[in-house]
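Sharing a structure below in structure tokens format, with a few things to ask.
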Amino acid sequence: EPEVTQTPSHQVTQMGQEVILRCVPISNHLYFYWYRQILGQKVEFLVSFYNNEISEKSEIFDDQFSVERPDGSNFTLKIRSTKLEDSAMYFCASMRGTGELFFGEGSRLTVL
Amino acid sequence: QKEVEQDPGPLSVPEGAIVSLNCTYSNSAFQYFMWYRQYSRKGPELLMYTYSSGNKEDGRFTAQVDKSSKYISLFIRDSQPSDSATYLCAMSPNTGFQKLVFGTGTRLLVSP
């Protein structure tokens, strides 16, 4: 069964460092998303991406964040200068267009 | 008032019980309703997806939407210990699914 894959599964970084989280969405999907979940809190929308551009972003997704689809398979989330409060699980998700959103296993980011 | 409210639980039931999980919401624009299951430190897994009001059944799972009351439910029949997880409701106003709004999740514990 096709699935969304994410790497790394866990990354530890120092405050102020840049982090790139990688995702391979399901191959025939057209819409791509990043969500995050701070420990013990609800899953929150960060950004959606369609047709090689951001279609919507939340107020969390400030100038420190960026997304890119550098080739036909990868979808990345970059955090330029990490803060302590960026520590969370980051989930990539994709959708073909039928409304069913599929999530990856997540990348746990720990900022020290 | 929160946009989506969900009792965090935990909800403890014996194996074989019928489980009822619920969410209320305030945004009348929501049209698409989903239930996800999330195991500890894993990504949300889509269980059920419904549009507008009505019922949908899939095996032991039944999803109900009552838009007039802004209330959605997930019923699990013949619950199993493997059903022990956190159940997240999520909803969206439009076909583009630009942004899912999640509840906080209800933790379910099914004891053998």
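For the range B:1-24, give me the residue count where each residue is of a type in the set (S, T, N, Q) and within 14 Å of another protein chain (Cβ to nearest Cβ).
1
Any residue in the range B:51-78 that is at positive phi sitting within a Cβ distance under 8 Å of a residue that is part of a strand (DSSP E or B)? List the pairs, counting only those 6 or more apart or interchain.
From residues that are at positive phi, the pairs are B:Ser52/B:Val65; B:Gly54/B:Gln64; B:Gly54/B:Val65; B:Lys70/B:Thr24; B:Lys70/B:Tyr25.
Still on this model: Any idea which residue in the range A:52-86 is modelled with the lowest pLDDT, counting only those that are surrounded by fewer than 18 Cβ atoms within 10 Å (Cβ to Cβ) and hydroxyl-bearing (Ser, Thr, Tyr)?
By that ranking, first place goes to A:Ser73.
Hey, B:Asn27 hits all of (1) within 12 Å of chain A (Cβ to nearest Cβ); (2) under 20 Å from A:Glu44 (Cα atoms) but one; which does it fall short on?
Unmet for B:Asn27, out of (1) within 12 Å of chain A (Cβ to nearest Cβ); (2) under 20 Å from A:Glu44 (Cα atoms): (1).
Can you pull out the strands (runs of 3 or more DSSP E) entirely within the range B:51-112 that have at least 2 residues that are β-branched (Val, Ile, Thr) and crowded, with 20+ Cβ neighbours inside 10 Å?
B:71-76, B:106-111
Next up: Looking at the structure I just gave you, is B:Arg37 within 18 Å of B:Val13 (Cβ to Cβ), crowded, with 19+ Cβ neighbours inside 10 Å and basic (Lys, Arg)?
yes
Further question on the same structure: Consider B:Ser40 carefully, then state whether it is assigned to a loop (DSSP other than H, G, I, E, B) and either among the aromatic types (Phe, Trp, Tyr) or away from chain A (no Cβ under 14 Å) (or both).
Judged against the criteria, B:Ser40 is not a match.
Take the residues of the range A:46-61 that are within 11 Å of another protein chain (Cβ to nearest Cβ) and touching an Asp or Glu at 6+ places or on another chain (Cβ under 8 Å): which is nearest to A:Glu85 (Cα to Cα)?
For the range A:46-61, the residue satisfying everything is A:Ser58.
Within the range A:66-89, restricting attention to residues that are among the hydrophobic types (A, V, I, L, M, F, W, C) and under 16 Å from A:Gln6 (Cβ atoms), which residue is nearest to the other protein chains (Cβ to nearest Cβ)?
Step by step, filter the range A:66-89, then rank; the result is A:Met89.
Still on this model: Within the range A:99-108, is even one residue crowded, with 21+ Cβ neighbours inside 10 Å, over 20 Å from B:Leu46 (Cβ atoms) and among the hydroxyl-bearing types (Ser, Thr, Tyr)?
No: the range A:99-108 contains no residue that is crowded, with 21+ Cβ neighbours inside 10 Å, over 20 Å from B:Leu46 (Cβ atoms) and among the hydroxyl-bearing types (Ser, Thr, Tyr).
Another question, then. If we scan the range B:48-69, do we find a residue that is aromatic (Phe, Trp, Tyr) and within 14 Å of another protein chain (Cβ to nearest Cβ)?
Among the residues of the range B:48-69, at least one is aromatic (Phe, Trp, Tyr) and within 14 Å of another protein chain (Cβ to nearest Cβ), which makes the answer yes.
If you don't mind, another one. Quick check on A:Ser9: is it within 13 Å of another protein chain (Cβ to nearest Cβ), of a type in the set (S, T, N, Q) and out of contact with any Phe, Trp or Tyr (no Cβ under 9 Å at 6 or more places or on another chain)?
Considered against the rule, which asks whether it is within 13 Å of another protein chain (Cβ to nearest Cβ), of a type in the set (S, T, N, Q) and out of contact with any Phe, Trp or Tyr (no Cβ under 9 Å at 6 or more places or on another chain), A:Ser9 comes out as yes.
Which of the residues that make up the range B:23-50 are free of Cβ contacts under 8 Å to residues at least 60 places away in the same chain and touching a Ser or Thr at 6+ places or on another chain (Cβ under 6 Å)?
Within the range B:23-50, just B:Phe33 meets the criteria.
Can I ask one more? Please determine, by comparing only the residues of the range B:1-26 that are in contact with an Asp or Glu (Cβ under 7 Å, 6 or more places away or on another chain) and exposed (fewer than 13 other Cβ atoms within 10 Å of the Cβ), which one is nearest to B:Leu74 (Cα to Cα).
Among those residues, the one meeting the criterion is B:Gly16.
The values are calculated or read from the model by the stated rules, or taken from the named source; none is laboratory data. The structure presented is a predicted model; accordingly, all values stated were derived computationally and were not measured. Counting neighbours? That spans all protein chains shown, and the Cβs are built from the backbone with ideal geometry, glycine included.
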